[in-house]
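The structure under discussion is supplied below as structure tokens; questions concerning it will follow.
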Amino acid sequence: MNTDFKVLLPEDFNDNSRVWIYQSNRAFTLHEAFQIEDMLKTFVSNWHSHGTPVTGYANLFFGQFIVLVADETKSGVSGCSTDSSVRMIKDVEQMFNVNMFDRLLLGFIVKERVQMIPMAQLSYALENNFIAPSTLYFNNTILSFEQLKDKWLIPLKESWLSKDQRFSGALSAKTEV
């Protein structure tokens, strides 16, 4: 699996640009992905904040993650414009019968594929070698363009989960092979 998503990011966005990541509970089919890409293009071209166009970017990554970026150095983003992006994501949910707001579903790259693991099963997945501390994790908590480039796809051991008391023991107990 090619994980070099950075080549698809715009080069002229400020590092402090705001980022929103929405993860689907399943991969989209190729046909669905094309439809979503069209929806994202239409949304970004019509994205406004108090009548001013938002300098935005949207893309579907790894067939499962919708990433929205707004460069607020060029145009601000208001509550209404943020609400419009959430409505668009809710439209995706309804059209394709997916869940884009489940924050307890964690994304990893396992055996060259995106795999979802419920947070409640993370310790089990570690203990049974389904994932390891070095397994790449999609850190959807990031908020800036700079973090998107540098901290979105990281080893599990470098994520916020390694500091969470529920999982830190299972992570530290694992030895890399």
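The values are calculated or read from the model by the stated rules, or taken from the named source; none is laboratory data. This one's a predicted model, so the numbers in the text were calculated from it and none came from an experiment. All Cβ positions, even for glycine, are placed from backbone atoms using ideal geometry, and neighbour counts span all protein chains on display.
Looking at the range 118-144, which of its residues are outside any loop (DSSP other than H, G, I, E, B), closer than 21 Å to Phe101 by Cβ and touching a helix residue (DSSP H, G or I) at 6+ places or on another chain (Cβ under 7 Å)?
Leu122, Tyr137 - these are the residues of the range 118-144 that are outside any loop (DSSP other than H, G, I, E, B), closer than 21 Å to Phe101 by Cβ and touching a helix residue (DSSP H, G or I) at 6+ places or on another chain (Cβ under 7 Å).
Residues in the range 76-83: is at least one of a type in the set (S, T, N, Q), in a loop (DSSP other than H, G, I, E, B) and either in the same structural domain as Ala58 (by TED's automatic domain parsing) or farther than 23 Å from Gln64 by Cβ (or both)? Let's see the steps before the verdict.
Taking the range 76-83 first, the residues of a type in the set (S, T, N, Q) are 78, 81-82.
Imposing the further condition that a residue be in a loop (DSSP other than H, G, I, E, B) reduces the set to 78.
Add one more test, that the residue is either in the same structural domain as Ala58 (by TED's automatic domain parsing) or farther than 23 Å from Gln64 by Cβ (or both), and what stays is 78.
Yes, the range 76-83 contains a residue that is of a type in the set (S, T, N, Q), in a loop (DSSP other than H, G, I, E, B) and either in the same structural domain as Ala58 (by TED's automatic domain parsing) or farther than 23 Å from Gln64 by Cβ (or both).
Out of curiosity, is Val86 outside any strand (DSSP E or B), surrounded by 14 or more Cβ atoms within 10 Å (Cβ to Cβ) and either at pLDDT below 95 or in the same structural domain as Gln23 (by TED's automatic domain parsing) (or both)? Steps first, please.
Values: outside any strand (DSSP E or B): yes; surrounded by 14 or more Cβ atoms within 10 Å (Cβ to Cβ): yes; either at pLDDT below 95 or in the same structural domain as Gln23 (by TED's automatic domain parsing) (or both): yes.
Yes; evaluated as a whole, the condition is true for this residue.
Something else now. Would you call Gln147 surrounded by fewer than 20 Cβ atoms within 10 Å (Cβ to Cβ), in a strand (DSSP E or B) and at pLDDT 95 or above? Before the answer, list the steps.
Numbers: surrounded by fewer than 20 Cβ atoms within 10 Å (Cβ to Cβ): yes; in a strand (DSSP E or B): no; at pLDDT 95 or above: yes.
So Gln147 does not fit the description; no.
Can you find, within the range 8-26, the residue that is nearest to Glu37 (Cα to Cα) among those that are in a strand (DSSP E or B) and aliphatic (A, V, I, L, M)?
Let us first name the residues in the range 8-26 that are in a strand (DSSP E or B), namely 18-23.
Checking which are aliphatic (A, V, I, L, M) leaves us with 19, 21.
Numbers: Val19: 17, Ile21: 15 Å.
Going through the qualifying residues, I end up with Ile21.
Report yes if Ala58 is over 16 Å from Leu148 (Cα atoms), in the same structural domain as Gln23 (by TED's automatic domain parsing) and among the aliphatic types (A, V, I, L, M), otherwise no. Break it down stepwise before answering.
Values: over 16 Å from Leu148 (Cα atoms): no; in the same structural domain as Gln23 (by TED's automatic domain parsing): yes; among the aliphatic types (A, V, I, L, M): yes.
The answer is no for Ala58.
Filter the range 109-135 down to the residues that are under 27 Å from Tyr57 (Cβ atoms) and buried (at least 20 other Cβ atoms within 10 Å of the Cβ) and list them by number. Talk me through it step by step, then tell me what you get.
Let us first name the residues in the range 109-135 that are under 27 Å from Tyr57 (Cβ atoms), namely 109, 112-116.
Matches in the range 109-135: Val114 only.
Output the residue which, of all residues in the range 69-85 that are free of Cβ contacts under 8 Å to residues at least 60 places away in the same chain and under 14 Å from Leu40 (Cβ atoms), is nearest to the chain's Cα centre (by Cα).
Ala70
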